[in-house]
Amino acid sequence: MQFPSVNGNDLLKNKISLPNDMNSRFNVLIVAFQQWHQGLVNSWVPFLNHMVEQYPDFDYYELPTIREMNWLSRSIIDNGMRAGIPSRDTRRRTITLYIDKELFKKKLEIPDESDIYLFLVTNEGEILWTESGAISEEKSKSLLHAFKEAGFSQINSS
């Protein structure tokens, strides 16, 4: 399966086209639909940060996914998120998508907006692994297994 081509802006105000503008060969894309999903996203962040430190050519992005709306509404939402996120690195990794959510969910086989959805995606858009919900030991091991199956190994042993 391929990750659909979508456009958004990161919280540094850069226009981003996914999957084309991903700098790393392998990326976890975390799709969230509700504001309360941030807690679920945050459950993954320490593990994903560790992976960034341990594995070459790996990164992750948070994708708040919102229905299409006018520029003023988008600006208010993005400025609110920016105000709550002081870290430049987190702002770089947060790409807001204002898109046709129904079409997006259909292409990714996302059944509903009740949870977050994670995708291990190559920079060419190939989806290698999918998961939903908060992190668990089983889910993190599953991601590591998929990542290693793609041919990557740790660069550090810590």
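Every number here is computed from the coordinates shown, using simple stated rules; none is lab data. In this text the structure is predicted, and so the values were computed from the model without any measurement. Counting neighbours? That spans all protein chains shown, and the Cβs are built from the backbone with ideal geometry, glycine included.
Of the strands (runs of 3 or more DSSP E) lying entirely inside segment 88-158, those containing at least 2 residues that are under 28 Å from Ser75 (Cα atoms) are 95-99, 117-122. Could we say that Ile76 is at negative phi, under 13 Å from the mean Cα position of the chain (by Cα) and either not charged (D, E, K, R) or not in a strand (DSSP E or B) (or both) here? It is false that Ile76 is at negative phi, under 13 Å from the mean Cα position of the chain (by Cα) and either not charged (D, E, K, R) or not in a strand (DSSP E or B) (or both). Within the span defined as segment 70-92, every residue fails to be in contact with a helix residue (DSSP H, G or I) (Cβ under 7 Å, 6 or more places away or on another chain), among the hydroxyl-bearing types (Ser, Thr, Tyr) and more than 16 Å from Asn42 (Cα to Cα). Kindly establish whether Thr122 is over 22 Å from Gln34 (Cβ atoms) and buried (at least 16 other Cβ atoms within 10 Å of the Cβ). Against the criterion (over 22 Å from Gln34 (Cβ atoms) and buried (at least 16 other Cβ atoms within 10 Å of the Cβ)), Thr122 qualifies. Candidates are the residues of segment 125-135 that are without any contact (Cβ under 8 Å) to a residue 60 or more places away in the chain and closer than 14 Å to Leu48 by Cβ; the one that is surrounded by the most Cβ atoms within 10 Å (Cβ to Cβ) is Glu131.
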